[in-house]
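See below for the structure under consideration.
The values are calculated or read from the model by the stated rules, or taken from the named source; none is laboratory data. Predicted model only: the values in this text are computed from it and were never measured. Here Cβ is always computed from backbone atoms with ideal geometry, including for glycine, and neighbour counts include all displayed protein chains.
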Amino acid sequence: MNKHDSERVAGLLRERGYMQAGSPEDAQIIIFNTCTVREHAEERFFGNLNNLRARKKAEPELIIAVGGCVAQKERELIFKKAPHTDIVFGTHNMPNLGHMIESVEQGRQAICEITDAIEVMPTTLPGMREEKHHAWVPIIIGCNNFCTYCIVPHTRGRELSRPVEDILAEVERLVADGVVEITLLGQNVNSYGRDIYKKSKFARLLLELEKIKGLRRIRFTTSHPKDLTDDIIGAIAGSNKICEHIHLPVQAGSNAILKTMNRKYTKEDYLKTVEKIYAAIPGVSLTTDIMVGFPGEAEEDFLHTLDVVEKARYDSAFTFIFSPREGTLAAKMDNQIPAPVKADRFDRLVKLQNRISLEKNMELVGRDIEVFVEAVSKKNRDMLTGRTRTNKVVNFPGPADLIHKEAIINITEAHTWFLKGKLKEVLSLN
Ligand code: SF4
């Protein structure tokens, strides 16, 4: 969602005549689009903001703006810690950023604009896509779930879906502009439509998008396990365009911890959903988010997490150490886990998941797989890099004119995080 918002900020300012600078050092306006979901991200942001103090002194005309979730939550703290900040704008105030910048240019007064209610959907703002072939498409913003560790409902507000017709019209425009792959975005895409149609219309939306000519790949993130219904699994199973990749955050394996987290499913419910996914969608890849060290997590609870990882056999996982986010219920719980215990569990979890990721990638060696070629590899200029429908990165030697084409790649090597292969066939896009 932050990437999408950054593209809208860039598009909005380009429309007002601003140009993207080659580097932060060349920029006359610096905009931070912040994330507060992890403590580490917030600390890094404050470090980066502080690093601009001397430069602002030497270049008083430099404009520094802060948006996103940290801005929404910590307006006073930002001005207190970094009085050299010119603009603080909330997650719903992005549409007005151009005016705020102009006001600072004219009056050089610091500005803070934070509203709690959304007035303009960010999707209606002009965008500036980072990649020609791919677009982020928010379908629902906000979240009604209130997991006890999560700050998102407090910074992004309650669920608000876009009408199906608006989304279809946007995707048609994007496809006409060269987009072949979209990622549907939402804190919980599975509950798409509940606020406006009284029940989830996510499966129906997927099937409507499938009909758009010229669109090749449909991805979505994130799914809440309690809301991943059979019709959604069925839509993916029966589709040529919806990619066989489901990101299904489990967070923890112990029922007691899941309950304290307010996740509204049990380990057994979750594993049953996983079983259904594997049975219905051959070759699907499954990824997840897992947290260790949630308040009250005993060794036995943690062993349930390892058990889920063994049973679900994720292709990869984002693994985190719990960090209390001020303003959430979990931050106030008194049975916090000591740092060394959390670190030990984290290491054990990562080791297990890495083993499984490698095993799953090794199963693909020798297979011919469809890859959308994205770019020249950043690490090796002789290699191209692309993605499978299952969202795995594949590197292979090939000519640069293959970029933005589809190819069949024969997989020759498996690594934990990526695959290597050789070009077998170039596919035409129509
Ligand atoms: S469903 Fe996701 S965004 Fe919503 S509260 Fe839970 S973790 Fe946060």
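Residues are listed down the side, and each one gets a yes or a no for (1) of a type outside the set (Lys, Arg); (2) surrounded by 13 or more Cβ atoms within 10 Å (Cβ to Cβ); (3) closer than 23 Å to SER239 by Cβ:
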| site | (1), (2), (3) |
| --- | --- |
| LEU364 | yes, yes, yes |
| VAL373 | yes, yes, yes |
| VAL376 | yes, yes, no |
| LYS379 | no, no, no |
| MET383 | yes, yes, no |
| GLY386 | yes, yes, yes |
| VAL393 | yes, yes, yes |
| GLY398 | yes, yes, no |
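Only a single criterion out of (1) in a helix (DSSP H, G or I); (2) at pLDDT 95 or above; (3) not hydroxyl-bearing (Ser, Thr, Tyr) is not satisfied by LYS213, namely (1). Within segment 1-30, the set of residues being among the hydrophobic types (A, V, I, L, M, F, W, C) and within 15 Å of GLY127 (Cβ to Cβ) comprises MET1, VAL9, ALA10, LEU12, LEU13.
If the condition is being out of contact with any Asp or Glu (no Cβ under 7 Å at 6 or more places or on another chain) and in a loop (DSSP other than H, G, I, E, B), then segment 253-271 contributes MET261, ASN262, ARG263, LYS264, TYR265, THR266. Do we find that VAL37 is outside any helix (DSSP H, G or I), under 21 Å from the mean Cα position of the chain (by Cα) and not assigned by TED's automatic domain parsing to the domain that holds PHE318 in this structure? Considered against the rule, which asks whether it is outside any helix (DSSP H, G or I), under 21 Å from the mean Cα position of the chain (by Cα) and not assigned by TED's automatic domain parsing to the domain that holds PHE318, VAL37 comes out as yes. Cβ-Cβ contacts under 7 Å between residues 6 or more apart (or on different chains), taken from a first residue in segment 150-172 that is in the same structural domain as ARG204 (by TED's automatic domain parsing) to a second residue that is of a type in the set (D, E, K, R) and surrounded by fewer than 18 Cβ atoms within 10 Å (Cβ to Cβ), are listed as GLY157/ASP116; GLU159/ASP195; LEU160/ASP195; SER161/ASP195; VAL164/GLU208; LEU168/GLU208.
For segment 52-61, does any single residue satisfy the condition of being modelled with pLDDT of 90 or more, under 24 Å from the mean Cα position of the chain (by Cα) and not basic (Lys, Arg)? Walk me through it before giving the result.
Quick first cut of segment 52-61, residues modelled with pLDDT of 90 or more only: 52-61.
After this cut, where a residue has to be under 24 Å from the mean Cα position of the chain (by Cα) as well, the list is none.
Looking through segment 52-61, none of the residues is modelled with pLDDT of 90 or more, under 24 Å from the mean Cα position of the chain (by Cα) and not basic (Lys, Arg).
Could you tell me which residue of segment 237-291 is nearest to the ligand (Cβ to nearest atom), considering only residues that are on the phi > 0 side of the Ramachandran plot and surrounded by fewer than 22 Cβ atoms within 10 Å (Cβ to Cβ)? It comes out as ASN262. Only residues that are in a helix (DSSP H, G or I) and either under 19 Å from the mean Cα position of the chain (by Cα) or not basic (Lys, Arg) (or both) were counted in segment 169-184, giving 7. So which residues in segment 137-172 are out of contact with any Asp or Glu (no Cβ under 7 Å at 6 or more places or on another chain) and away from the ligand (no atom under 13 Å from the Cβ)? Across segment 137-172, the qualifying residues are PRO138, ILE139, ARG162, PRO163, GLU165, ASP166, ILE167, ALA169, GLU170, VAL171, GLU172. The strands (runs of 3 or more DSSP E) located wholly in segment 312-410 that include 3 or more residues which are farther than 24 Å from ALA252 by Cα and free of Cβ contacts under 8 Å to residues at least 40 places away in the same chain occupy 368-376, 383-388, 393-397.
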